[in-house]
Amino acid sequence: MNKIVPLFPSNALPSSSDSNQPADIRELKIITNYRETGTDSKYEVKTNQGNIKGFSETDANGSTNQLYMVGPLGTPVSLNNQGSVPVSQDITIHSNNQIAISAVNALVVKTVEPAPYTSATTLIPLPDKPYTVATLPSDPFNFSYFQQHVKSKLCYNSDPIDTAMVTKSQDRVAYWAEIWTLMEYRSVKTEERPYKGESVGGQVVGNLFDLKDLPIQTPQTDIEGTRETSCPLVNTQRKVICSQCNGKGKQQCASCAGQGHLIPCGCGNDTQCSTCHGTGNLNCTKCVGACFLLRWEVLTIKWETIQTVSPYQNTFLPKRKIRFRPKKKVFFDADHDWTNHIFLTNYPDLYETIATHTPPDMAKKFGQDIQKQYQTHYARLKPSTIMRKMKILIRQVNIIEVDYQLEGYTNKNGTHKGTNTFNYLVYGCEENGKAMIYENNYPLNCCGCLGPKAACRCNCSIS
């Protein structure tokens, strides 16, 4: 059980006599709604001492318009001396009175993988063992993270960073979408052997993909290399006349040309053929004297996996940063049998998830791009091929984009936000708590060790 001390003040829990009494976290619920003007989040903590509900409303600029916790009687509980900052699952809010859901996560020690996070319509039980979700630093808007980042770079000149002024910060997001398709190839070949009285069905094979209930095990969707198996189609067994002996079961002895004896020797006496023993005939080598053959079809099935990977985002984080960002949160995960080439038929819940849980400025295009990614798989279909299974895994990276101004310097990578406006991204948190930062327009990232006059901007540098 997870223990947090202190958790909530006495006026927030129904029967707490000691505000520092430990409370057992039983369940949590988080619902976030994305709007054109920002987001609003509702959350609830269930403990053995009672329930606490919270609400935050954040506009598109990243500032919180409302921030309060609700006690057992529905009365707002004030946050003493609390500054106006966004509240989300990944941000810790410090207060003299209350503690937000994210702060609960931040205080729990990590020992196992995090519990899955969903758009909770039901309460999610917490695991018995402690856990945490290492996504962003507890205060990702803190400009000191970027100052430390600049000062840690060997060739950067950090003189102007101490006079920088933060002008804006906002939530961004990136997705890493992987699609696997298990392609199944089918072919058939005919085999035969001497007929020995077996029962025959004589069915015609027809469309190979109409064959059902075969005694085969379809592999998992994301296999490496190729897999192959064969299956005799017993219902296609049929009795046919041997084409080699025309149903006679015999064939002429090749040694004596059907005479039963060999060419006479010099003494004038015939010599009996030792191959056919004088009969002049041998059993047919194909039907072994049965006059008939048993013929049937054998189905051969091969599988291979097609995989494509694509990043989607509403900011400028490089693909490699998204790919190697550890502990990406699972946004969507499904593995189904393929039933129709229309993508929506297979995964209607994917489009619903995209529509309701991605920022409005990218939801429509995100859905269209996922469809295009799928179409590259569908284009690989051939007459002898079907898409047997499809697996989709989309993982999410929460990002904070921060704009800042540096007087006397020009952003050479783009002036759409202003000539002296620069920005950087906070896209994760390392194990030691250090913020993971990416920037591509700091003005003095080259030759900084020679002083501010020698320092310049070089786009060859890697952040």
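The values are calculated or read from the model by the stated rules, or taken from the named source; none is laboratory data. The structure presented is a predicted model; accordingly, all values stated were derived computationally and were not measured. Neighbour counts run over all protein chains shown; Cβ positions are idealised from the backbone, glycine included.
Here K250 fits the description: modelled with pLDDT of 90 or more and not assigned by TED's automatic domain parsing to the domain that holds K328.
Annotation: L425 fulfils all but one of (1) surrounded by fewer than 18 Cβ atoms within 10 Å (Cβ to Cβ); (2) touching a helix residue (DSSP H, G or I) at 6+ places or on another chain (Cβ under 9 Å); the unmet one is (1). Answer yes if at least one residue in the stretch 290-309 is outside any strand (DSSP E or B), at pLDDT 90 or above and within 30 Å of Q259 (Cβ to Cβ), and no otherwise. Looking for residues that are outside any strand (DSSP E or B), at pLDDT 90 or above and within 30 Å of Q259 (Cβ to Cβ), one finds at least one in the stretch 290-309, hence yes. Tell me which residues, restricted to the stretch 181-209, are surrounded by 14 or more Cβ atoms within 10 Å (Cβ to Cβ), more than 30 Å from L393 (Cβ to Cβ) and among the β-branched types (V, I, T). Once the filter is applied, which keeps residues that are surrounded by 14 or more Cβ atoms within 10 Å (Cβ to Cβ), more than 30 Å from L393 (Cβ to Cβ) and among the β-branched types (V, I, T), the stretch 181-209 yields V188, V200, V205. For the stretch 362-372, state whether one or more residues are closer than 30 Å to K212 by Cα and either of a type outside the set (G, A, S) or outside the structural domain of K302 (by TED's automatic domain parsing) (or both). The answer is yes; a qualifying residue exists. Taking the stretch 379-428 as the range and being within 20 Å of N314 (Cβ to Cβ), part of a strand (DSSP E or B) and of a type in the set (D, E, K, R) as the test, the residues that pass are R395, E401, D403.
Going by what's in this entry, would Q313 be described as loosely packed, with under 15 Cβ neighbours inside 10 Å, outside the structural domain of K417 (by TED's automatic domain parsing), of a type in the set (S, T, N, Q) and touching a strand residue (DSSP E or B) at 6+ places or on another chain (Cβ under 8 Å)? For Q313, the condition - loosely packed, with under 15 Cβ neighbours inside 10 Å, outside the structural domain of K417 (by TED's automatic domain parsing), of a type in the set (S, T, N, Q) and touching a strand residue (DSSP E or B) at 6+ places or on another chain (Cβ under 8 Å) - is not met. From the set of residues in the stretch 197-253 that are touching a residue at least 60 places away in the same chain (Cβ under 8 Å) and among the charged types (D, E, K, R), which is nearest to V298 (Cα to Cα)? Filtering the stretch 197-253 for residues that are touching a residue at least 60 places away in the same chain (Cβ under 8 Å) and among the charged types (D, E, K, R), the one nearest to V298 (Cα to Cα) comes out as E228.
Taken over the stretch 433-463, the criterion of being over 10 Å from Y156 (Cα atoms), at pLDDT 85 or above and outside any strand (DSSP E or B) is satisfied by K434, N440, N441. Being assigned to a helix (DSSP H, G or I) and surrounded by fewer than 17 Cβ atoms within 10 Å (Cβ to Cβ) holds for only one residue in D213, D162, and it is D162. Scan the stretch 332-361 for residues that are assigned to a helix (DSSP H, G or I) and either in the same structural domain as I31 (by TED's automatic domain parsing) or farther than 30 Å from T300 by Cα (or both) and the total you get is 11. Report yes if E224 is at pLDDT 95 or above and either of a type in the set (D, E) or within 56 Å of the chain's Cα centre (by Cα) (or both), otherwise no. The answer is no for E224.
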